[in-house]
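Below: one structure, written as structure tokens.
The values are calculated or read from the model by the stated rules, or taken from the named source; none is laboratory data. Here the structure is a predicted model, which means the values were calculated and not measured. Positions of Cβ are generated from backbone atoms using ideal geometry, with glycine treated the same way; all protein chains shown enter the neighbour counts. Note: areas computed on protein heavy atoms with side chains; ligands, DNA, RNA excluded. Shrake-Rupley method; radii C 1.70, N 1.55, O 1.52, S 1.80 Å.
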Amino acid sequence: MGMDKAESRDLLAYAVSVRRKLHASPELSGEEYGTSAFIRGELERMGYTPRAVHTGLIADTGKSGDILALRADIDALPIAENTGLPFAAKCGRMHACGHDGHTAMLLAAAKYFSAHPPARRLRFIFQFGEEGEGGAEKMIGGGALDGVSEIYAFHLCPELEKGKFATNDGTLFAGVMEFDTEVRGKSSHCASPEEGADAIAAAAHIIAEAKRLAERKGNALMHTGKITGGYARNVVADRAILECSFRYTQKSRLAEVREELAALLRETDEKYGTRSEIKIKSVYPPLVNDARCAAKMAELTGAGYIGGRYTAEDFAFYAEKVPACMCWLGIRDEKHTSPLHSDTFDFDESVMEKGIETFVKLAESGS
């Protein structure tokens, strides 16, 4: 069927109003209560009966067949906005990753299908907690993928020219294991180091060797972003905590590296007289697009194929369960060059028209 130009313009105007409403009132992962209430109200006005999974929402339409799912994420980041926009957030939080745009595009697509009942079953997934809360896993546990045969999503991309699409038929985002390494030693005066066990020295050894471990694996990255430890310049530290991230493109790498990290800690403790342990905070798998879904996306959008990134995306959990494709939607122009997760991130809202149209095309493309 497809939409005509007038309807496309009307849906864009709706998406712009939604985006600005959401942008002005951002909420963090797991705390999207106002956002969720707003989305629910919009869906109910359209005639849907949404159901909640925590602060996430699921809405279905259509009568028969397998379900094609479309997903948007709804959470913001703990970043104080510095865009100067008239609808800028003033609460120390910000939609600095484009989730307000993702949600606005999906609500506009839902609005279209409320007026044009689809030939197949559709599911609109408004997911909470993408930014570190593992919301996708919880949405799946709440039935988000029950009956779903394929799922699609967009992510705005400030490195890609405005209005262009890009995806691939393999790994688009890396998997990630976020973990802390706690090293316990023994305190002493620095003039008598043999009486202590230097947790900071042991931690430095772990950092260097863990980085080399990832480099040997290839297509992997190990990073220590924060170190806490020590009391004074002349005291041997009895404790250090490393906050670390391991990023990988092949799932087999994770089990290998966990075993080798455990061996590294044992070797370090033997060398420095410390006691060390790893505490896993979260694990995301690599986001691997399905080749058939990626081909469909490329055919509908003219998307070029692009290499993967070491950033992570919990859309990967959906892609582990059913055929899936995430696609970049470019927003870069002379005015909008700020990267994701920056306090000046913004985009030309007209680009959402292409996202809405593509959501509609995907839903009408058949299985």
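Just a few scattered comments:
- Aspartates and glutamates whose Cα lies under 20 Å from that of Lys164, excluding same-chain neighbours fewer than 8 positions away: Asp100, Glu299, Asp333, Glu334, Asp346, Asp348, Glu349, Glu353, Glu357
- Put simply, when 84-91, 166-173 are sorted by average Cβ atoms within 10 angstrom per residue, most first, you get 166-173, 84-91.
- Between Lys361 and Ala208, the simple label model (points 7 Å from Cα in the Cβ direction) yields a spacing of 5.4 nm.
- Against the set (i) 21.5; (ii) 24.8; (iii) 22.1, the structure's computed Kirkwood radius over Cα pairs in Å falls on (iii).
- Of all DSSP beta bridges confined to the chain, the antiparallel ones make up roughly 65%.
- Taking amide H positions as modeled 1.01 Å from N, with prolines and chain starts lacking one, the residues under 5 Å from Met94 and 5 or more places away or on another chain are Leu77, Ile79.
- Working from Cα pairs under 8 Å separated by at least six residues, relative contact order for the chain is 24 percent.
- Ranked by how many other beta carbons lie within 10 Å on average, peptides 292-299, 226-233 from highest: 292-299, 226-233
- Rounded to whole Hz, the Karplus (6.51, -1.76, 1.60) HN-Hα couplings of the range 177-194, x for glycine and proline: 10, 9, 8, 10, 10, 9, 10, 10, x, 9, 7, 7, 6, 5, 6, 10, x, 5
- Long-range HN-HN contacts of Glu130 with modeled amide H, under 5 Å: Ile74, Asp75, Gly135
- Free-standing Cys, the chain [no other Cys Cβ under 4.7 Å]: Cys91, Cys97, Cys157, Cys190, Cys244, Cys327
- Over all other residues within a Cβ to Cβ distance under 12 Å of Arg121, the charged ones net out to -1, with Lys and Arg as +1 and Asp and Glu as -1.
- Estimated inter-spin distance, Ala115 and Asp146, nm [label 7 Å along Cα→Cβ]: 3.2 nm
- Ranked by how many other beta carbons lie within 10 Å on average, peptides 264-274, 352-362 from highest: 352-362, 264-274
- Cross-link pairs exceeding 19 Å between alpha carbons, from the set Lys5/Lys63; Lys21/Lys90; Lys251/Lys321; Lys5/Lys361; Lys111/Lys361; Lys5/Lys354: Lys5/Lys63.
- Accessible carbon and sulfur surface of the range 242-367 relative to its total accessible area, %, 1.4 Å: 48 percent
- For Lys279, a cut-off of 16 angstrom between C-alpha atoms picks up these aspartates and glutamates, skipping any fewer than 8 places away in its own chain: Glu178, Asp180, Glu182, Glu243, Glu259, Glu260.
- Normalising the average separation of contacting C-alpha pairs (under 8 angstrom, six or more residues apart) by the number of residues puts the relative contact order of the range 153-252 at 36 percent.
- Between the range 85-117 and the range 294-367, the alpha-carbon center distance in angstrom: 14 Å
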